[in-house]
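Read through the structure below, which is laid out as structure tokens, and then see the notes.
The values are calculated or read from the model by the stated rules, or taken from the named source; none is laboratory data. Keep in mind the model is a prediction, meaning the values are calculated, not measured. Quick reminder, even Gly has a Cβ in these numbers, built from the backbone with ideal geometry, and neighbours come from all protein chains shown.
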Amino acid sequence: MMVILRQHSAPYAMMLSASHLLSLFDFAACKGLSVATLQRLLDTPDTDLHDPQGRVTAADYMRVWEAMIAQGNDPHLGLHFGYFLNLKGLGLIYQISLATSSIEQAMGLLSEYLASSFPVVSVQTAQSNAQVVISLHSPLPATPATQQLLDSVLILMAREIGLMIDGNVADMQLPYEQLDAYRRLCASPVTSSDGHRLRLDPGQLAGPINRRRLTNIEALLPLFLQLTSQPPAPNAPFAEQVRRMTLSLCAPELPQLDQVVAQFALSHRTFQRRLTDEGTSFRTIADQLKRQMAGHLERGKTLGTQDIAYILGYSASSAYLHAARKWRNQSNHRATKSPYQEAGAGL
């Protein structure tokens with residue numbers, strides 16, 4: 001049952017940065033949901049969500065969550081939204097990393113960011129000699145939508161911290177018995193608990209930020225932002241939804257097929273059939289993105305062949321160099337075709 005949050009009790013009257021609602025709309029569009037229908041649910045439908053100073057109420061934000069849960073047929077919407085937010089999170093990680101020298105400082109800035117722009121979630125950190133526990137809480141009533149919201153922030157934080165430290169977080173804790181979906185996608189161990197928590201080793205919190213990952217993010221972030229600058233059109237082809245979803249899941253490495261399929265709550269067979277019906281495949285989409293990313297990274301001349309191969313998901317530099325030669329040969333072949341050959345290619 002969908003809960004309509006028309007009341008403006010104290011928690012729901014809190015103001016959030018409009019960018020968070022914009023991200024939710026982008027996610028809905030990539031999943032093929034009607035953004036126009038979701039916008040009609042807002043008390044303030046004319047808010048400019050692209051305005052960096054724009055604000056929306058928690059009531060509007062949570063109303064969209066409730067509607068997406070009802071429309072999307074995705075019992076793990078928060079898990080998948082947390083992964084989708086990764087691309088936007090890369091920008092935040094980059095800005096935080098530039099301003100800090102340790103994970104502890106970065107966590108302090110992240111907490112301040114949530115307090116100022118997203119007060120529906122707060123972060124508490126408890127430290128002992130044996131472990132550091134980061135707990136998430138929300139002042140909103142404990143509804144299914146609030147739980148999904150906390151899921152999304154926990155997943156995003158785990159991925160952000162994982163990019164800044166050497167290795168993954170030691171443990172991710174969630175208040176559920178059934179955790180298979182989380183374990184399939186999350187790099188860290190996932191266990192049942194009575195709340196949303198991340199556990200780190202004390203040395204990870206005190207340690208320096210992983211500058212190699214920061215360099216990779218810095219090299220690719222402009223391209224990611226360029227490729228996703230325009231939202232998908234209403235009723236966009238499924239292949240375009242998959243392309244944008246794949247870009248959003250980059251960390252900055254390209255995601256695996258299983259990670260992308262999970263976002264659409266489809267079986268592998270249905271996912272592949274829908275792409276086949278549009279004359280393409282996931283491999284074709286991934287290869288096109290790899291080619292764009294490789295060209296951008298090579299032109300930047302800031303990363304070596306080994307780093308580029310790693311980001312693009314190749315097991316060795318030689319495999320990347322083989323693919324790059326194939327792309328160059330394809331480009332040269334197209335460039336040497338006469339206009340008559342090009343015109344007759346589709347006959």
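Quick notes
- The requirement of being more than 19 Å from the chain's Cα centre (by Cα), surrounded by 16 or more Cβ atoms within 10 Å (Cβ to Cβ) and assigned to a strand (DSSP E or B) is satisfied by Val133.
- Lone qualifier among Ser111, Ser152, Ser135, Ser117 - being out of contact with any helix residue (DSSP H, G or I) (no Cβ under 9 Å at 6 or more places or on another chain) and within 26 Å of Leu22 (Cβ to Cβ): Ser111
- Only listed residue being in contact (Cβ under 8 Å) with a residue 40 or more places away in the chain, within 26 Å of Phe25 (Cα to Cα), of a type in the set (A, V, I, L, M, F, W, C) and in contact with a helix residue (DSSP H, G or I) (Cβ under 6 Å, 6 or more places away or on another chain), chosen from Leu303, Leu257, Leu247: Leu247
- The residues in the range 39-59 that are buried (at least 21 other Cβ atoms within 10 Å of the Cβ) and within 22 Å of the chain's Cα centre (by Cα) can be counted, and the count is 2.
- Residues being of a type in the set (Phe, Trp, Tyr) and closer than 12 Å to Leu254 by Cβ - total across the range 301-322: 2
- Of the residues making up the range 316-342, just one is in a loop (DSSP other than H, G, I, E, B) and at pLDDT 80 or above, namely Ala316.
- Residue satisfying all of: in the range 1-29; in a helix (DSSP H, G or I) and either modelled with pLDDT under 85 or of a type in the set (Phe, Trp, Tyr) (or both); farthest from the chain's Cα centre (by Cα) among these: Tyr12
- Residue within the range 59-80 that is at pLDDT 80 or above, part of a helix (DSSP H, G or I) and touching a strand residue (DSSP E or B) at 6+ places or on another chain (Cβ under 6 Å) present: yes
- Number of residues in the range 261-293 that are of a type in the set (A, V, I, L, M) and farther than 18 Å from Lys326 by Cβ: the value is 5.
- Any hit, the range 216-227, residues being among the aliphatic types (A, V, I, L, M), at pLDDT below 90, surrounded by fewer than 17 Cβ atoms within 10 Å (Cβ to Cβ) and closer than 22 Å to His20 by Cα: yes
- Of all residue pairs spaced 6 or more apart or on separate chains, those with beta-carbon atoms under 7 Å, a first member in the range 185-199 that is assigned to a loop (DSSP other than H, G, I, E, B) and a second member that is modelled with pLDDT under 95 and of a type in the set (Asp, Glu) are Ser188/Asp171; Pro189/Asp171.
- If you check Tyr176, Tyr182 for being of a type outside the set (Gly, Ala, Ser), assigned to a loop (DSSP other than H, G, I, E, B) and over 19 Å from Val123 (Cβ atoms), only one passes: Tyr176.
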